[in-house]
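Each reported figure results from applying straightforward, stated rules to the coordinates on display, with no laboratory input. Because the structure is predicted, anything quoted here is derived from the model rather than measured. Positions of Cβ are generated from backbone atoms using ideal geometry, with glycine treated the same way; all protein chains shown enter the neighbour counts.
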Amino acid sequence: MNFLIKSIYPIVYIFIIISIIFYIASSLYQPLVGDDIFIQHSVNQNNNFFNYLVHNYFTWTGRFSQIFLGYLVFSNESILLILKILNIPIFFLSIWLCWYCVNGYYVTFYNKNFTDFLIFTILIWLSIPASAVNIIWVTGFITWVYPLFFSICFLTINLNIFKKLQNSTNTQKNITWKLPFLIFLGFLSGSSIEQLSAINFTIIIFIFYNLLFKNKLKIPLELYIGFLFLILGIFFLILAPGNYIRMSLLEDNLIQKIFKYLLYLFSSFFYLGNIEKATTFLFSIVIIIYIFNPNLNYSKIKIQNSLIWLTASIVSLIVMFPAISFVSIRTIFYPIFFFYFFILCININDNYYYQDNKKRLIILFLSSILIFDSFSSFLANKNFYFENIQRNKIIDLAIKKNMDEVKVPFFSTIPSRLTYIQTPKHDREFLEAFSKIKNIDISHKSVDGKSPLPYSTNTLKKFRDILN
């Protein structure tokens, strides 16, 4: 029995490695969908990055990292391929850096609590909202994942300086090698996306307040400079004329906005009404509490230290009011992410570590879920990828024949958790807009029993029947 228990970790690591391979393959198979096509078309229409930046800034958005990364990935297929391979590791790396921000140390394979870090990471991964949209979809990961990574890097450097100042009697140098990174990451963190701008601003103010008023310490000049570039990035973001053109597309009166906003606030931690996903989220929180604080010990200091992460989560919800007509489940990505670190911070303590067979069984159970989740995602994305290729072939053939219109089938693949497919309604709107790019009338085939129905192909059943 002891031999079986001890052999669990090698099995777990094998499961995790295989799962990551399947997850990366799922990312590679996710085709360009929806906004991807229109961003790519816009990039091709502009001769250089400056023209593309000006066009987007004045007509659509001030999100600099989205504009910059969008231009890179859609003007160079090699960069697109690299970022699709890296987007999932980048998300995990963001969790690893956030672990440092909460706990003050970088966890490694040889740490006694490495298993706890793995459990925590897997729970976030399995329950994070809109992972197909925010992490796998190209427009999604350049909008959400990479800006998250830039912001976490910026916060890590700031919190690293903060912790060193707290724990040292020596005065921190005003300028160090960290300054260029604070300038670069500060601007990116401020100009990336509205929710992260609010989160970064809140946490930096927290750092300044603690240094100046609680610890009575002098703040190094490089922290002020980093904060200045964060503010410049925020102004770059919020002053973009394109933001207001985009928001004017949906005109809601004040009563409608307040109603939608209150509904959004009160339902966010219930995944906007998706109870199945909300249940996974709540179940994950229970496991985290069991792992890190089974005796439910909460001190006043622990609660005070954790409030900054709760505040970051709530602030990212509050800031959505001006764009409330555009909110969707993807906009609770950051609130849920930072809420996890609030749960970690409020439950963790210096003496939390314990090792027993129950923890081994938990990590085995979770890694088993990863295997199934990654494989089913891989199958769904692969099937969707080839469906998309077939649809494009039909369109290209019709263009070669100089046809005025062409009918294409619905996408039939049932989306997995990591498959971003537009709804049939949005897909119809996409085809109408795509028709203008291709100069041909593109629409769906009528549902006559011969065309595949939307979301009718179960890829797991196809795999089961592969030998038939």
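Stretching Leu460 away from Ala433 to a fully extended chain increases their span by 6.5 nm, per 0.36 nm per residue minus the current alpha-carbon distance.
If the cut-off is 15 Å between C-alpha atoms, which aspartates and glutamates fall inside it for Lys359, apart from same-chain ones fewer than 8 positions away? Straight-distance partners of Lys359: Asp116. Of the chymotrypsin sites (Phe, Trp or Tyr not before Pro) in region 193-291, not one is in a loop by DSSP (not H, G, I, E or B) with at most 13 other beta carbons within 10 Å.
Can you give me the angle between helix 300-318 and the longest principal axis of the chain, using Cα atoms only, in degrees from 0 to 90, rounded to the nearest 10? Approximately 30 degrees, to the nearest 10. Taking other Cβ atoms within 10 Å as a rough exposure proxy, Ser168, Ser416, Ser267, Ser127 sort from fewest to most as Ser168, Ser267, Ser127, Ser416. On the basis of the beta-carbon distance and an R0 of 35 Å, Trp177 and Lys214 show a calculated FRET efficiency of 0.80.
In terms of Cα to Cα distance under 30 Å, which lysines are near enough to Lys216, apart from those fewer than 8 places away along the same chain? Straight-distance partners of Lys216: Lys163, Lys164, Lys173, Lys178, Lys300, Lys302.
In plain terms, the residue of His426, His55 with the fewest other Cβ atoms within 10 Å comes first and the most crowded comes last, giving His426, His55. Taken over the Cα atoms of the chain, the convex hull encloses 182 Å³ per residue. Each of Tyr9, Tyr105 was scored by other Cβ atoms within 10 Å of its Cβ. Arranged with the fewest first, they read Tyr105, Tyr9.
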